[in-house]
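Participant: One structure follows; several queries about it will come next.
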Amino acid sequence: MQTRLQPHSQARSDLEIQLKASRDVAMAMAAKAKLLLRELKTIKADLAFAKERCGQLEEENRILRESREKGDNLEDDDLVRLQLETLLAEKARLAQENSVYTRENRFLREKVEYHQLTMQDVVYLDERSEEVTEVYPIKATTTQSIVTVPTVPKGAISQNNQNVSPLLKEASKIVNPYIQMPAEDLR
């Protein structure tokens, strides 16, 4: 009787795991959909504003063309100046925004490259013991003193820093105002 219940309980356990996984996926998809909907609303609002501004500029342009055909150019100088100032201000704002995004993108790419290079050395598989050990030294306390025990064999990681990419050296110096860096004592 008990042997017959074990496959049933195993199947039930597997079903519960599948249901939980499905629920987690559904919740993640719902969260992503909510985020995309919010982003879509923002983009639609930006598009509506751009369309409205485009309509205003087209109307001003039409007025300017009609007045030029009539020969009333002196009165429209202020309107032309206002349009040019508006366009220059928008161009400057977009250039500033673009430079911020370019710097942030470059910083993030360098950060990803740095982490990809360091993650290759984070975990080392000790072939003799078949267990995963960390690269960073472990401090072991003995009754006499504190001894640092390296977990990476000598020669496994080059100690020569001449081969380090200049981008990585520079990336470690760059501070991005959008990312909070850990305190110095935690590094």
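Participant: Being more than 32 Å from the chain's Cα centre (by Cα) and without any contact (Cβ under 8 Å) to a residue 60 or more places away in the chain is the requirement here; does GLU97 meet it?
Facilitator: No: the conditions fail for GLU97.
Participant: Determine whether the range 66-81 contains at least one residue that is touching an Asp or Glu at 6+ places or on another chain (Cβ under 9 Å), surrounded by 10 or more Cβ atoms within 10 Å (Cβ to Cβ) and of a type in the set (Gly, Ala, Ser).
Facilitator: For the range 66-81, residues touching an Asp or Glu at 6+ places or on another chain (Cβ under 9 Å), surrounded by 10 or more Cβ atoms within 10 Å (Cβ to Cβ) and of a type in the set (Gly, Ala, Ser): present.
Participant: I'd like to check something: does the range 1-17 contain any residue that is of a type in the set (Gly, Ala, Ser), within 26 Å of the chain's Cα centre (by Cα) and part of a helix (DSSP H, G or I)?
Facilitator: No: zero hits.
Laboratory data are not the source of any read-out in this text; all were calculated from the coordinates shown. Note that this is a predicted model, so its numbers are computed, not measured. We place every Cβ from the backbone using ideal geometry, glycine too, and count neighbours over all the protein chains shown.
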